Amino acid sequence: MSPKDIDAVILVGGKGTRLRPLTMSAPKPMLPTAGVPFLHHLLSRIKAAGMQHVVLGTSFRAEVFSEHFGDGSALGLDIEYVTEAEPLGTGGGIRNVADRLRGEHAMVFNGDVLGGTDLRAVLYTHTTTDADVTLHLVRVGDPRAFGCVPTDAEGRVTDFLEKTEDPPTDQINAGCYVFKRSVLESIPTGRAVSVEREVFPALLTAGARLQGHVDAAYWRDMGTPEDFVRGSADLVRGIAPSSALPGRPGESLVLPGATVDPTALLLGGTVVGAGATVGAGARLDGAVLFDGSAVGAGAVVERSILGFDARIGVRALVRDAVIGDRAVVGARCELLRGARVWPDVQLPDGGIRFSTDV
Ligand code: GTP
């Protein structure tokens, strides 16, 4: 079975609530990540693996995807779009694209996972075991935050476990599956269905062959601000592999049209978007600056995301925070862990502090 005969299906219909307010203007898979929309990194991996036909399962802000990627020819792919009027969940979204499939097997991806796994190896496991569904399972250092998926000596999935303090395995569902088309077509239609919580457990109970493909490749779900910031920095530094990275991996990525004062310090995989500006003596560490944003002189931005045209005033401190599009953080403000500033909000100079010095 050649990868060319495998349809790639990408689920991109989620609302991305955990990344608000950034996802109020763009769907999560379209957020700028190391110089390109996040989805571009996944599409280039799909292309590199030899697949060609891609179906995007969209719902929330569906038009943004087709406006950017069109028919996919610029990337050497053949991209189609299917839109759910009401979100059908991950399982419903997979079922909903069935009539666009051209081959007998489909490789399904969560559209928000940054991964480095060998996709051809996953396909090989699927073919050689004649599985109904092959699940990519990744071994992680701390599996407690995830549902775990144990396998037997032959790699067959034996259970789907909820998050627990004492997981019996470090293998977690990596959000990438290969379905036999006939199995995909058995997912119920006309209602929301979760592939993780409903489809897979039901298939297991029914005796289907669910095969695990286990590895320890780079893997990160980009769903939260912390993960988004780390994933972006890992792309910039070459820790997460991507052929869509504009330029070579390094300590920072400055996109064309950005202006960075020579005395500013860019560290930790910082990205400075097109048209963004960074003032004298500013210190950016693991910062993600979307296009058109600005950081004033002497300001410090650490592990934070600045939305489109957001502005940080002189000597402000922004750490582990998310600043919405066009928001203004006044001079000397301090925004610390978990702070989220909504789009267009203007915080006056010195308006928020976590200390009493002036
Ligand atoms: P949160 O609201 O922050 O949980 O994000 P999310 O809505 O993206 O949900 P989640 O991270 O669980 O989704 C995993 C992947 O499935 C993402 O790529 C989503 O875009 C996608 N997804 C989630 N729900 C749906 C849906 O109802 N339809 C489709 N087509 N895709 C979905």
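The values are calculated or read from the model by the stated rules, or taken from the named source; none is laboratory data. These numbers were taken from a predicted model, which means no experiment stands behind them. Cβ sites come from the backbone with ideal geometry, for glycine too, and all protein chains shown count toward neighbours. Just the protein is used for accessible areas: all its heavy atoms, side chains included, with ligands, DNA and RNA removed. Shrake-Rupley method; radii C 1.70, N 1.55, O 1.52, S 1.80 Å.
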Checklist entry - Can you tell me how many residues in the range 303-320 are open to solvent by less than 40 Å² (accessible area, probe 1.4 Å), closer than 22 Å to Gly35 by Cβ and hydrophobic (A, V, I, L, M, F, W, C)? => result 5
Checklist entry - Pairs, please: C-beta under 6 Å, at least 6 apart or cross-chain, first residue β-branched (Val, Ile, Thr) and in the range 346-358, second in a loop (DSSP other than H, G, I, E, B)? => result Ile352/Cys333
Checklist entry - Right, Ala74: closer than 26 Å to Gly238 by Cβ and at pLDDT below 95 or not? => result no
Item to check | Residue list for the range 276-302, restricted to those being surrounded by fewer than 20 Cβ atoms within 10 Å (Cβ to Cβ) and in a loop (DSSP other than H, G, I, E, B) | outcome: Ala280, Gly281, Asp291, Ala297, Gly298
Next on the checklist: Against the definition (near the ligand (Cβ under 10 Å from one of its atoms) and without any contact (Cβ under 8 Å) to a residue 40 or more places away in the chain), how does Val82 come out, yes or no?
Outcome noted: yes
Checklist entry - Here are some residues: Val138, Val122, Val108, Val178. Which one is within 16 Å of Ala49 (Cβ to Cβ) and within 16 Å of the ligand (Cβ to nearest atom)? => result Val108
Next on the checklist: As an exercise: evaluate Thr129 against (1) open to solvent by 30 Å² or more (accessible area, probe 1.4 Å); (2) within 8 Å of the ligand (Cβ to nearest atom); (3) in contact with a strand residue (DSSP E or B) (Cβ under 9 Å, 6 or more places away or on another chain) and give the number of the one condition it does not meet.
Outcome noted: (2)
Checklist entry - Could you list, in sequence order, the residues of the range 1-53 that are under 30 Å from Ala276 (Cα atoms) and away from the ligand (no atom under 16 Å from the Cβ)? => result Pro32, Ala34, Gly35, Val36, Ser44
Item to check | Among the candidates Phe200, Phe109, Phe160, Phe179, residue that is open to solvent by 30 Å² or more (accessible area, probe 1.4 Å) and of a type in the set (Phe, Trp, Tyr) | outcome: Phe160
Checklist entry - Pairs, please: C-beta under 6 Å, at least 6 apart or cross-chain, first residue modelled with pLDDT of 95 or more and in the range 52-69, second in a helix (DSSP H, G or I) and more than 8 Å from the ligand (Cβ to nearest atom)? => result Gln52/Lys4; Val55/Arg100; Leu56/Phe65; Thr58/Phe65; Val64/Met30
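The rows are residues; the columns are (1) aromatic (Phe, Trp, Tyr); (2) out of contact with any helix residue (DSSP H, G or I) (no Cβ under 6 Å at 6 or more places or on another chain); (3) surrounded by fewer than 23 Cβ atoms within 10 Å (Cβ to Cβ).
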{"position": "Ala8", "(1), (2), (3)": "no, no, no"}
{"position": "Leu11", "(1), (2), (3)": "no, no, no"}
{"position": "Leu31", "(1), (2), (3)": "no, no, no"}
{"position": "Leu43", "(1), (2), (3)": "no, no, no"}
{"position": "Ala62", "(1), (2), (3)": "no, yes, yes"}
{"position": "Ser66", "(1), (2), (3)": "no, yes, yes"}
{"position": "Leu75", "(1), (2), (3)": "no, no, yes"}
